[in-house]
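I have placed the structure first, in the form of structure tokens, so that the comments after it can refer back to it.
The values are calculated or read from the model by the stated rules, or taken from the named source; none is laboratory data. It should be emphasised that the depicted structure is a prediction, and the values quoted were computed from it without experimental measurement. Cβ placement follows ideal geometry from the backbone for every residue including glycine, while neighbour counts extend to all protein chains displayed. Side chains are part of the model used for accessible areas, which takes the heavy atoms of the whole protein and leaves out ligands, DNA and RNA. Shrake-Rupley method; radii C 1.70, N 1.55, O 1.52, S 1.80 Å.
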Amino acid sequence: MCGRTACSLGADNLRRACAYRDRRGRRRQPEWIQAERYRPSYNKGPQSRGPVLLSRRHLQQDADSSERVLMDMRWGLVPSWFKKDDPSKMQFNTANCRSDTMLKKSSYKGALLKGKRCVVLADGFYEWQQQSGGKQPYFIYFPQTKDTVDEGKEGDEEWRGWRLLTMAGIFDCWEPPAGGEMLYTYTIITVDASKDVSFIHHRQCWALALTVLSPRMPAILDGDEAIRKWLDFAEVPTQEAVKLIQPTGNIVFHPVSTFVNSIHNNTPECLTPIELGAKKEVKDTPSSKMMLGWLKNSQEGSPQKKENDLPRWTSQFIHNTSPKKTSVDIMHQWLGKEGEPAVKKRKA
């Protein structure tokens, strides 16, 4: 499942990081819809708000369906048919939606068949591994390229830095029965966990023997072509789009402090790589060191850092090739540059 994420970019930089090419090959940045509602966070949970990409045609019927917009929606889908006056009265959890039942359950089927597909954006997501001494959290994200270490400059066309994790989602729009503002909400689609992260779930599942389902992870859309097909509901019908929902092995991870366990903790410490002691299940990697460097240089504590204090990252929406891990030598060289903001890290 996916029950906790992080998205620490400010609104303007998030928009730059989501650059893409439209149907005519023109370079575009998605327009923010009510950007003032968005709040960066190192520790997002269900019922909080988070950034998603969707086709502009959902909001404007005569728009090109390949045009994208950014919206800040509430995590936990509220179906449009929900009749009570308070969404918190829902009797079921809709933060995640299983890929194998999303076309069967009424909470998701209607929205999905209407093309209400979105891409949920995050630095990465957290998972917990059950161990003898308790649960150990891990942060999971896309591998970063060598270019990630390059700092962008004001006026740069391309976003240079962290590659955002792009997760497939379904959204819906609910109107209060008594009238009032429409509420946009989303759910993250989950698939069977890939072998790369299944060990994180393994001990917990073993303890529950045969009573648990297979471990799950978010359905990750890897590359702009997959993102384009998932969002463009007018060109790509549902039955074709759902074929994109598959596990991916193109992810890396590192252990983090149990500080992230409390949803009230919202500082860079949530993402910071840690040592697990003598029994090193996960070793330091270039990507985790990259994250650590950025966190050390970022202003202490606040997710509302100034835009130019945040790392400037290359957009995965323009460069859709699967990145390879950078070498340790490159990372050490980058970390040695004094005075340059560091980029976040990932872990292999």
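For the range 48-89, taking the residues that are in contact with a Pro (Cβ under 9 Å, 6 or more places away or on another chain) and without any contact (Cβ under 8 Å) to a residue 60 or more places away in the chain, the one that is surrounded by the fewest Cβ atoms within 10 Å (Cβ to Cβ) is identified as Asp86. Pairing each residue of the range 246-271 that is under 15 Å from Tyr42 (Cβ atoms) and without any contact (Cβ under 8 Å) to a residue 40 or more places away in the chain with any residue that is part of a loop (DSSP other than H, G, I, E, B) and of a type outside the set (Gly, Ala, Ser), provided the two are 6+ apart or on different chains, yields C-beta distances under 7 Å for Phe259/Asn265. Of the residues making up the range 1-13, one or more are open to solvent by 40 Å² or more (accessible area, probe 1.4 Å), of a type outside the set (A, V, I, L, M) and not in a loop (DSSP other than H, G, I, E, B). For the range 260-272, the count of residues that are within 30 Å of Lys116 (Cβ to Cβ) and in a helix (DSSP H, G or I) is zero. When Thr185 is tested against (1) modelled with pLDDT under 95; (2) within 26 Å of Arg98 (Cα to Cα); (3) buried (at least 16 other Cβ atoms within 10 Å of the Cβ), just one condition goes unmet, and that condition is (1). Of the residues examined, Gln129 is one that is surrounded by 14 or more Cβ atoms within 10 Å (Cβ to Cβ) and modelled with pLDDT under 95. Of the listed requirements (1) under 20 Å from the mean Cα position of the chain (by Cα); (2) open to solvent by 20 Å² or more (accessible area, probe 1.4 Å); (3) in contact (Cβ under 8 Å) with a residue 40 or more places away in the chain; (4) more than 30 Å from Phe259 (Cβ to Cβ), Ile33 misses just one: (3).
Pick out the one residue from Leu112, Leu103, Leu121 that is touching a Pro at 6+ places or on another chain (Cβ under 9 Å) and among the hydrophobic types (A, V, I, L, M, F, W, C).
Leu121
Scanning the range 36-47 for residues that are in a loop (DSSP other than H, G, I, E, B) and open to solvent by 60 Å² or more (accessible area, probe 1.4 Å) yields Arg39, Gln47. Among the residues of the range 108-128, those identified as under 22 Å from the mean Cα position of the chain (by Cα), not in a strand (DSSP E or B) and not charged (D, E, K, R) are Tyr108, Ala111, Leu112, Gly115.
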